[in-house]
Amino acid sequence: AGRNVERLASATEKLEQLAIDEARVEQCVCNIRDEGEVRELMRLANSSFGALDLLVNNAGGQFPSPASKISSKGWHAVIETNLTGTFYCCREAYDASLGERGGAIV
């Protein structure tokens, strides 16, 4: 999943080339800052694969800059992605299946 359609398509293509045996690659455009999009992502993952076993939180962003130079907009973008987005993903993955079946969140 990712919010940039072009990068998502490129990553999907590369993963499909690396897929072993009957491994399947699915893609879904999702902005993790949007609670509804994250909920839909987890619903799609459950319907496509039966359930979730693992969530890897690897989205993130930052603006390498002295604190005095970071705008409020930049600060909120980092917090929304790195903290709020991670929280949404963890909560929705847990609610979708990890809470009931177990699994791992990284």
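Assorted remarks:
- Accessible-area value, Leu54, 1.4 Å probe, nucleic acids and ligands omitted, Å²: 100 Å²
- 3J(HN,Hα) along the stretch 80-85: 4, 7, 6, 9, 5, x Hz, from the Karplus curve 6.51 cos²θ - 1.76 cosθ + 1.60 with θ = phi - 60°, whole Hz, x for Gly and Pro.
- Residues in the stretch 59-75 carry Karplus couplings, in order, of 7, x, x, 7, 10, x, 6, x, 3, 5, 9, 7, 6, 4, 4, x, 4 Hz; the curve used is 6.51 cos²θ - 1.76 cosθ + 1.60 with θ = phi - 60°, and Gly or Pro positions show x.
- Centre separation in Å (Cα based) which lies between the stretch 1-41 and the stretch 63-77: 28 Å
- Other residues with beta-carbon under 14 Å from the beta-carbon of Leu8 carry, at +1 per Lys or Arg and -1 per Asp or Glu, a net charge of -2.
- For the stretch 37-52, 3J(HN,Hα) computed residue by residue from phi via the Karplus equation (6.51, -1.76, 1.60; θ = phi - 60°) reads 5, 5, 4, 5, 4, 5, 5, 5, 4, 5, 6, 7, 10, x, 5, 9 Hz, glycine and proline entered as x.
- The H on the amide N of Ile105, modeled in the peptide plane, is under 5 Å from the matching H of Leu55, each at least 5 residues off or on a different chain.
- Here Cα Rg over 2.2 N^0.38 Å was computed from the coordinates, and among (1) 1.32; (2) 1.20; (3) 1.24 the match is (2).
- Val29 sits with roughly 80 Å² accessible to a 1.4 Å probe, with DNA, RNA and ligands left out of the calculation.
The values are calculated or read from the model by the stated rules, or taken from the named source; none is laboratory data. Quantities reported herein were computed from a predicted structural model and do not represent experimental measurements. Methodologically, a virtual Cβ is constructed for each residue, glycine included, from the backbone with ideal geometry; neighbour enumeration extends over all protein chains shown. Surface areas here come from the heavy atoms of the whole protein model, side chains and all, with no ligands, DNA or RNA. Shrake-Rupley method; radii C 1.70, N 1.55, O 1.52, S 1.80 Å.
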